[in-house]
Amino acid sequence: MKYLIGFTSFLVIFVLAVLASNNRGAIRYRPLVVMLICQFIFAGLLLKTSAGNQVIAVIAGVFANLMAYASEGVNFVFGGLQNKGELSFFIGVLLPIVFISALIGILQHLKILGFLIRYIGLGLSKINGMGRLESYNAVASAVLGQSEVFISVKQQLGLLPQHRLYTLCTSAMSTVSMAIVGAYMAMLEPRYVVTALVLNLFGGFIIASVLNPYKVEPNEDILTVSKGHQSFFEMLSEYILDGFKVALIVGAMLIGFIALITMMNAIFTAIFGISFQALLGYLFAPMAYLVGVPWYEAVDAGSLMATKIVSNEFVAMLSLQNMAAEFSVRTMAVLSVFLVSFANFSSIGIIVGAIKALNNDQGNSAARFGLKLLYGATLVSFLNATIVGLFF
């Protein structure tokens, strides 16, 4: 039965993408099938094999150690704010982003990350049938983040046609920044986080290839990555401050969105007798069921999916933590993978603002397809969740 429901989910996602496609006749199906097969292979390896479990254990161990190292710096500055030996969410989960951001900066400065991003992207371009720039951008987005990645390609940004810009933006919104992966792993099982990171790479191209099909000509397939000329300590200071800004921004978003959702729940309950999140849960329940959530859990799961889209993934992850005991293993897997992406309304503003700061005209172009960008990135999350649901 789950395979029939899974097939129906794939069909619904494909139809929803085709209905919004810019050019249905230009869709190339061979790369789509190849990338979908790659998603199944990687999901199976990571979730259902001992080798995959070992890889995830190593990655989880690395991030656990990084979070432990980061806590030393955090405790030195904020140790006096501990409450009964426990650190607050901001201090214990968000502030370690500062250290991980600094580490990314060091690896970038030493050209280690640049090398990996370029050649992983090059290999990816052989699979997805798209250009080197699009493939580089997808990998770089997963490391640098959805706003910082555009700085690295700013030399080409002003020359890109709108259809290529859309693919770059979809990749940026469908992935997550490596700087906050440790924070995700503090709230979700590491194996789901790692699986989502891999599936996002392919999923973004699958959906973008249907919504926005095109072929990059050889003379257009050029990749020019901007390189900074900072000294080591200039770079380190910048990445440390950037990490702190990210922690503050996420913290501020959590305060604002959780307060607003709490207020909306109270208003809707008083007027309609049902909370705002419960209402969203009923609206998203059919899609939650299609991606593998049992029907008796679909309303609660749909509520978390909707919460992530209208607010952000952190708000939904915190809610999932509190509701974890109520969900089955399959639902936890599906929801966890669904939540690991930047597909939400606030990301539209972040991406548009980042591009606009580099090129005003291209920023205006990104703003025009902002809702379609969120639509595509959300379909990526549903696609990934469907694949994971078939393995449980």
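The values are calculated or read from the model by the stated rules, or taken from the named source; none is laboratory data. Remember, predicted model here, so these are calculated numbers, not experimental data. Every residue, glycine as well, gets a Cβ built from its backbone with ideal geometry; the counts of neighbours run over all protein chains shown. To get the accessible areas, we keep the full protein, side chains included, count just its heavy atoms, and leave off ligands, DNA and RNA. Shrake-Rupley method; radii C 1.70, N 1.55, O 1.52, S 1.80 Å.
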Please calculate the 1.4 Å probe accessible area of Asp300, with all protein chains present, and give it to the nearest 10 Å².
70
So how much accessible area does Lys245 have, in Å² to the nearest 10, using a 1.4 Å probe?
110
What does the net charge come to around Leu124 if you take all other residues with beta carbon closer than 13 Å to its beta carbon, with K and R at +1 and D and E at -1?
+2
Towards the positive end of the charge dipole of segment 1-391, with charges on Cβ (+1 Lys, Arg; -1 Asp, Glu), say which of Leu254, Gly370, Phe99 has the farthest Cα.
Gly370
Relative to the Cα centre, what is the charge dipole magnitude of the chain, using +1 at the beta carbon of each Lys and Arg, -1 at the beta carbon of each Asp and Glu, and rounding to the nearest 20 debye?
860
Evaluated over the chain, the Cα radius of gyration and Dmax, each in Å:
20.4, 63
